Amino acid sequence: MDDAALWVYLDDEGGRQADLPLRLIAEGQRLAQATGWRCCGIVRHPAVAARLQAGGRGFELDGLFALGADPECPDAAIAVVAERLAACVAAAPDLRVLVLPGTTVGADLAARVAARLGRPLLSQCVDLEWSGQRLIGRRAVCSGRAHQMVSPTVDPPWVVTLDPQVLEAPAAPAPHARVATLATGADAAPMTAVARVWRIPAAELGVLDAQVVLSVGRGVAADALAQVHELAALLHAAVGGSREAVFGGLVQRERQVGASGKWIAPRVYVALGISGSTYHLMGIREARHVVAINTDPTAPIMARAEVGIVADVATLVPALVQAARPAAVTEI
Amino acid sequence: MHIVVCLKPAVPAAAITYDPRSGAPLRPVERVTSLRDAVALQMAFDLQCVPGTSVTALAIADERADPLLRRALCAGATRAIRVWDADGGSALDTWSAARVAGAALGVLDADLVLCGSQSDDLGDGYFPAALAAGAGCELFVRALSVVVGDHGVEAVQKIEGGWRVGSTLRLPAVVAVEPEATRLRHHAVLGRVYRAGLARAVEVWGAADVGLAVWPAPLLEEIELALPRARTRAAPAAAAKLSAKDRLKRKKAPVAEEAAPVAWDGPPDVVARQLLERIAQWLQ
């Protein structure tokens, strides 16, 4: 093993993506094993590393660095994080590859860092290969109808983002790593003046953007739909539906969840009266917590759900609305 | 205000064919405007209502981009410019195309640059960042709206979870727009704008016209365009040790108990309270 290193950028995005850093580390270690490089992690703040370690699942890295110990950079200041990360990358002569997640924030950050340094960006790779001293990235292009194999033509460092859907969970927990703070020397300020931040009403929220999605299926009657929308407004959730619900006119086509609709990754997915066909389950593969409410305890959705409630939607949804009105679900 | 809209001729995904012998995907000759680029162009036309605003459509591509640029002219663009170097421009990746576009922006003296956040074909999302870095402009991504207000150019950015951030841009700026930023409107064929567009021609610039002594070399090369395939996943160590008989037994076994959900039962109001508490806990 030489001094060459691979850096994995770890960010749980304020706790929203708790599993993703661990899956990214597993991928980084796989590439490091193939190349003989050291696999190190880099976080924007020591608190991010602390949150990851507090999750109870440690990670084994050859080094873990933080961009700075001052207050954490919010999402809006991504330009600042990018500037600092670029400065760190530029100051690391042994760095070969910087790996980031292909999330919205990760992709934005990767593009800014690569552009700042004038380095190649292998974005949204579904696979990485090390072949003949070349890094080859496989990317899905043209709406998934083809895969493009790309390779950098210049010397490292290279910037890579990985499609989060292909990342696998690490095999086993590992000891915690110690965090070392890197002195970046870059102190950029965002150029844009943020005037105001607001949240759109739940009714306008798309199923791809929402953290909570209430999805209706064939088990929901049309007259119960108003209460589902009321519950969605109280929880600031988006309303989606299965293919059957779309065919039945309960939800619009652009709100269909499943293989032939939207592939979503909310934090909480509540399936109301949905049996859970294979194609529907494909669309919620990345959902973190799934709740199934169905009268049929043997419905396939129950096997995917973390919490299964055998109840009639027409009975439970009004109860949820009543409970949610004064509820302590203040910040969702 | 001078607005430049960057258009990338994209490969239409539906027109991809496959070689009958090797199965390799084949790109069609035709090129189309990506949805996000079309939205960026429409957004520029919306801003054109402000007096003194001109819109230039810019493409860094070969002659296959000409139909796109002509359509932009007919839809209301003031100018359409295609930058290409016949000798050195055979292989441009996103970064090198952004470098050329950045050099062109210097010549055009643009105030606002609009482009799609990513193209429909390659979709790497690198162009806006590389362009902003090359041109030394501010970068504003995931834009849902851009309006010229009393305090300058104000833009709204899309953030996950339904959040929106409104900001005032410092010009010149590169703005990458989202597809839902505006609704596309079709221009009236044989209308005044359309006829004026027909009378204009696409300008073709070379490397020297944008002040480049050398055409930038690509940082990435495409090795192959291959058929999509699922990623080869390594079998976990524990599973590898199982005999074929054990694996068959495991496959035939009913769903493991650990996969079974936590089943809740009880009066609806109690279950509802429990569920809301759990959701609040998950969202923390």
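The values are calculated or read from the model by the stated rules, or taken from the named source; none is laboratory data. Keep in mind that this is a model prediction, so the values were computed, not measured. Virtual Cβ from ideal backbone geometry, glycine too; neighbours counted across all protein chains shown.
Quick notes on this one:
- Single condition B:A173 does not satisfy, out of (1) more than 10 Å from chain A (Cβ to nearest Cβ); (2) touching a residue at least 12 places away in the same chain (Cβ under 8 Å); (3) closer than 21 Å to B:C6 by Cα: (1)
- Residues (at the interface with chain A (Cβ under 9 Å from one of its Cβ atoms) and at pLDDT below 90) located in the stretch B:140-151: B:H151
- Among the conditions (1) within 20 Å of the chain's Cα centre (by Cα); (2) surrounded by fewer than 24 Cβ atoms within 10 Å (Cβ to Cβ); (3) polar (S, T, N, Q), the only one that B:Q48 does not satisfy is (1).
- Of all positions in the stretch B:220-228, none carries a residue that is under 28 Å from A:E168 (Cβ atoms), at pLDDT below 90 and away from chain A (no Cβ under 14 Å).
- Residue among A:A303, A:A319, A:A259 that alone is surrounded by fewer than 22 Cβ atoms within 10 Å (Cβ to Cβ) and touching a Phe, Trp or Tyr at 6+ places or on another chain (Cβ under 9 Å): A:A259
Residue-by-condition table, conditions (1) over 17 Å from B:R273 (Cβ atoms); (2) within 14 Å of chain B (Cβ to nearest Cβ); (3) in contact (Cβ under 8 Å) with a residue 40 or more places away in the chain; (4) more than 25 Å from the chain's Cα centre (by Cα):
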| site | (1), (2), (3), (4) |
| --- | --- |
| A:V246 | yes, no, no, yes |
| A:V251 | yes, no, no, yes |
| A:G258 | yes, no, no, no |
| A:S275 | yes, no, yes, yes |
| A:Y279 | yes, no, no, no |
| A:G283 | yes, no, no, no |
| A:A287 | yes, yes, yes, no |
| A:E306 | yes, yes, no, no |
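A quick yes/no check of all residues on (1) over 25 Å from A:R288 (Cα atoms); (2) at the interface with another protein chain (Cβ under 7 Å from one of its Cβ atoms):
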residue	(1), (2)
A:L98	yes, no
A:G106	no, no
A:G118	yes, no
A:D127	no, yes
A:Q133	yes, no
A:C142	yes, yes
A:P156	yes, no
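- Residues within the stretch A:6-36 that are modelled with pLDDT of 85 or more and buried (at least 21 other Cβ atoms within 10 Å of the Cβ), tallied: 11
- Restricting attention to the stretch A:227-244 and to residues that are within 11 Å of chain B (Cβ to nearest Cβ) and in a helix (DSSP H, G or I), the residue that is nearest to B:G162 (Cα to Cα) turns out to be A:L235.
- A single member of B:T56, B:T78, B:T33 is over 30 Å from A:P152 (Cα atoms) and touching a Leu at 6+ places or on another chain (Cβ under 7 Å), and it is B:T56.
- Note on the stretch A:262-273: residues that are within 18 Å of the chain's Cα centre (by Cα), within 13 Å of chain B (Cβ to nearest Cβ) and either over 25 Å from A:V321 (Cβ atoms) or surrounded by 22 or more Cβ atoms within 10 Å (Cβ to Cβ) (or both) total 5.
- Against the criterion of being touching a residue at least 60 places away in the same chain (Cβ under 8 Å), of a type outside the set (K, R) and part of a helix (DSSP H, G or I), B:L131 qualifies.
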